[in-house]
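The values are calculated or read from the model by the stated rules, or taken from the named source; none is laboratory data. This is a predicted model, so every value here is computed, not measured. Positions of Cβ are generated from backbone atoms using ideal geometry, with glycine treated the same way; all protein chains shown enter the neighbour counts.
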Amino acid sequence: MTDMVHGTLPARAGDPVLPRWWRTIDKWSMGAVMALFCIGLLLGLAASVPLAERNDQPAFYYVTRQLAFGGLAILAMVLVSMMEPRQIRRLGIVLFAVTLVSLFLLPFFGTNYGKGAVRWFSIGFGSVQPSEFLKPGFIIVSAWLMAAAQDLNGPPGRAWSFGLLLIVVALLVLQPDFGQASLVLFGWGVVYFISGAPMRILLVVGGLIVAGGVVAYGSSDHFAGRINGYLAAEIDPRTQIGYATTAIQNGGFFGVGVGEGQVKWQLPDAHTDFIIAVAAEEYGVVLVSIILFLYAAILMRSLMRLTRERDPFIRLAGSGLACIFAVQAMVNMGVAVRLLPTKGMTLPFVSYGGSSVVAAGITLGMLFAMTRHRPQGQISDFFRRRV
């Protein structure tokens with residue numbers, strides 16, 4: 001009965017960890033992640049060479065670093081995905097606490113690397129961006145609080161999570177990092193909506209977002225410049241969006257050919273924020289469609305598996321993690337085709353980056369841990385407990 005309803009594979013108590021993990025993990029989603037990583041390395045071979053040349057580094061210096069960061073991310077993803085939901089909850093709480101403290105310390109010990117926003121800690125051989133690791137931790141904590149609120153005599157978890165949301169968003173806006181703040185707001189909204197909470201709070205949050213956008217537009221030249229550029233009727237061909245738009249148009253259906261693209265020489269962020277423009281120019285709509293399919297497959301398969309879960313925490317946390325992962329990809333690609341204002345957001349597992357790719361590995365590790373098949377008892381037992 002359980003297998004027919006839930007499609008679960010029975011887990012034997014004495015099974016070794018690795019065989020049990022392999023039987024219960026979503027192998028198709030894992031394969032999609034590996035495909036995205038390989039595509040990222042392929043694009044990095046083209047996009048990072050001009051950057052290495054400008055910085056007097058060996059031609060494939062950044063590709064080698066991307067391979068190292070990606071390997072660490074995949075290792076983290078696999079190890080985290082082996083954990084049980086209770087362990088994921090503890091990891092998420094610790095991760096959120098550490099990154100929240102880090103955000104408080106950023107104004108005093110952080111650096112902006114000349115980009116106008118203090119978002120990073122310099123650690124000598126590289127840098128760490130705490131907000132990347134904050135997102136999965138915040139989703140786990142919010143899901144835990146909202147799931148607890150559903151228990152009889154449970155705590156006011158929704159109110160507490162909303163308070164944490166305000167603190168986190170305020171710290172991100174002060175950097176300023178409106179892109180990550182938007183992702184955090186979206187992820188919390190997903191968890192809140194699925195928990196069955198009243199819509200009035202979401203309307204309040206929506207009003208706060210609009211009000212915050214108006215204030216930011218009037219007080220931040222950087223923010224206003226991005227909005228004005230997005231709303232402008234004509235695209236300045238000398239801006240990043242202008243170069244990306246031209247590259248996508250030149251790529252057509254099959255692209256101009258491997259290594260023949262020009263946008264990587266014109267854009268300083270071709271290897272990170274605008275990596276999809278490199279893909280579109282050299283490989284055309286074909287590769288972009290494959291990338292879109294892979295992200296959509298991870299999202300849809302994860303949500304389908306989560307619909308079979310009875311544990312509220314697993315449903316809430318898994319849905320939030322899946323959605324912020326997919327929406328980050330959507331925002332990155334939407335910026336490149338001018339559907340959205342410039343956000344400075346990487347394409348998970350495809351763009352070059354240390355913090356972003358490792359954080360994506362942890363996020364997907366948590367998601368895959370939540371979507372693993374596990375015995376859930378007879379369906380009649382569930383209804384018997386509800387009576």
Notebook entry, point to check: From the list ALA46, ALA52, ALA59, which one is buried (at least 19 other Cβ atoms within 10 Å of the Cβ), closer than 30 Å to TYR283 by Cβ and more than 23 Å from the chain's Cα centre (by Cα)?
Noted result: ALA46
Next item on the list: Check off (1) among the hydrophobic types (A, V, I, L, M, F, W, C); (2) at pLDDT 95 or above; (3) farther than 27 Å from ALA329 by Cα for ALA97 and give me the number that stays unchecked.
Entry: (3)
Margin query: Need the failing condition index for VAL358 against (1) within 13 Å of the chain's Cα centre (by Cα); (2) free of Cβ contacts under 8 Å to residues at least 40 places away in the same chain, just the number.
Written below: (2)
Notebook entry, point to check: Failed condition for VAL190, given (1) touching a residue at least 40 places away in the same chain (Cβ under 8 Å); (2) crowded, with 22+ Cβ neighbours inside 10 Å, with all others met?
Noted result: (2)
Checklist line | Residue count, the stretch 136-174 (criterion: farther than 21 Å from PRO85 by Cα and within 19 Å of the chain's Cα centre (by Cα)) | finding: 6
Next item on the list: Among the residues of the stretch 279-315, write down those that are of a type in the set (Gly, Ala, Ser) and either in contact (Cβ under 8 Å) with a residue 60 or more places away in the chain or not in a helix (DSSP H, G or I) (or both).
Entry: ALA279, ALA297, SER302
Margin query: If I go through the stretch 65-86 residue by residue, how many of them are surrounded by 13 or more Cβ atoms within 10 Å (Cβ to Cβ) and without any contact (Cβ under 8 Å) to a residue 24 or more places away in the chain?
Written below: 1
Next item on the list: Output the residues belonging to the stretch 328-340 that are surrounded by 19 or more Cβ atoms within 10 Å (Cβ to Cβ) and either in contact (Cβ under 8 Å) with a residue 60 or more places away in the chain or among the charged types (D, E, K, R) (or both).
Entry: GLN328, VAL331, VAL335, ALA336
Next item on the list: Looking only at the stretch 270-278, decide whether some residue is in contact (Cβ under 8 Å) with a residue 40 or more places away in the chain and over 16 Å from GLY334 (Cα atoms).
Entry: yes
Margin query: Can you tell me how many residues within the stretch 304-327 are of a type outside the set (Gly, Ala, Ser), surrounded by fewer than 20 Cβ atoms within 10 Å (Cβ to Cβ) and out of contact with any Lys or Arg (no Cβ under 9 Å at 6 or more places or on another chain)?
Written below: 6
